[in-house]
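**Student:** Mind looking over this structure? Questions follow.
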Amino acid sequence: MEAYNKLMDNIGDAIINWTDPDGSFRGDRDDWWLCDFRSAGTIAIAYVAFVLIGTQVMPNLPAMDPYPIKFVYNVSQIFLCAYMTIEAGFIAYRNGYTVMPCIDFNVKDPPCGNLLWLFYISKVWDFW
């Protein structure tokens, strides 16, 4: 497990160093849940493994009606997306955002940082 963690961390660091060599756009988000490459890569690997194993196992199982699961998923997506949309509007209003570009960016405390994290985490829920 130690070797896997080191490999994933090295890949993540290499990607970050390639995309932001001078470090001017890096936020202080290393301790945020699932905001490291190791977590993102592990989730993606688990999803691919689930799909590959599931395509082999599911033909041998009886069919089921996923309506209750789909209902809960869809309702949760509606409320989560509605919340994120309304919150984005509030954040834009509070920080004086306009439709014109070139708004100053605060690397240490971005106004939309928490909301973007929630959007990122909601993509894990989209794997369902």
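**Student:** Could you do me a favour and compute the accessible area per residue for the stretch 1-64, 1.4 Å probe, result in Å²?
**Tutor:** 81 Å²
**Student:** How far apart, in nm, are the 7 Å Cα→Cβ label points at Thr42 and Gln77?
**Tutor:** Result for the modelled spin labels: 2.6 nm.
**Student:** Per DSSP helix of 4 or more residues, -39500 (n - 2.57); summed, then divided by the residues of the chain. What does that give at 222 nm, rounded to the nearest 500?
**Tutor:** Rounded to the nearest 500, it is -22000 deg cm²/dmol.
**Student:** Grab the Cα-Cα distance for Ile11 and Asn106, subtract it from 0.36 nm times how many residues apart they are, and report the gain in nm with one decimal.
**Tutor:** Result: 31.5 nm gained on full extension.
**Student:** Could you check the spin-label model distance between Ile69 and Lys123? Points 7 Å from the Cα along Cα→Cβ, value in nm.
**Tutor:** 2.3 nm
**Student:** Provide the per-residue ³J(HN,Hα) series for the stretch 102-119, in order, calculated from phi with Karplus coefficients 6.51, -1.76, 1.60 and θ = phi - 60°, each as a whole number of Hz, with x at glycine and proline positions.
**Tutor:** Along the stretch 102-119, the couplings run 6, 8, 4, 10, 9, 5, 6, 9, x, x, 8, x, 5, 5, 5, 4, 4, 4 Hz.
**Student:** Only four residue types carry charge here, +1 at the Cβ of Lys and Arg and -1 at the Cβ of Asp and Glu. Report the dipole size of the chain about the Cα centre in Debye, rounded to the nearest 20.
**Tutor:** Computed about the Cα centre, the dipole is about 380 debye.
**Student:** Suppose all protein chains stay in the model; what accessible area per residue would a 1.4 Å probe give for the stretch 77-128, in Å²?
**Tutor:** Here the per-residue accessible area is 80 Å².
**Student:** Considering only protein heavy atoms and a probe of 1.4 Å, how much of the accessible area of the chain is carbon and sulfur, as a whole percent?
**Tutor:** The value for the chain is 69 percent carbon and sulfur by accessible area.
**Student:** Report ³J(HN,Hα) in whole Hz for each residue of the stretch 43-59, in order, from the Karplus equation J = 6.51 cos²θ - 1.76 cosθ + 1.60 where θ = phi - 60°; Gly and Pro get x.
**Tutor:** 5, 5, 5, 4, 5, 5, 5, 4, 5, 5, 5, x, 5, 7, 8, 4, x
**Student:** Can you pull out the chymotrypsin sites (Phe, Trp or Tyr not before Pro) in the stretch 93-122 that DSSP calls coil and that have at most 12 other Cβ atoms within 10 Å?
**Tutor:** Phe105
**Student:** Okay, next question. Computed from these coordinates, which is semi-axes √(5λ) of the Cα gyration tensor in Å: (i) 32, 16, 11; (ii) 33, 25, 10; (iii) 57, 16, 10?
**Tutor:** (ii)
**Student:** Under a crude label model (7 Å from the Cα following the beta-carbon direction), how far is Tyr97 from Leu52 in nanometres?
**Tutor:** For Tyr97 paired with Leu52, the spin-label model returns 3.9 nm.
The values are calculated or read from the model by the stated rules, or taken from the named source; none is laboratory data. These numbers come from a predicted model, not from an experiment. Virtual Cβ from ideal backbone geometry, glycine too; neighbours counted across all protein chains shown. SASA here: full protein model, heavy atoms, side chains in, ligands and nucleic acids out. Shrake-Rupley method; radii C 1.70, N 1.55, O 1.52, S 1.80 Å.
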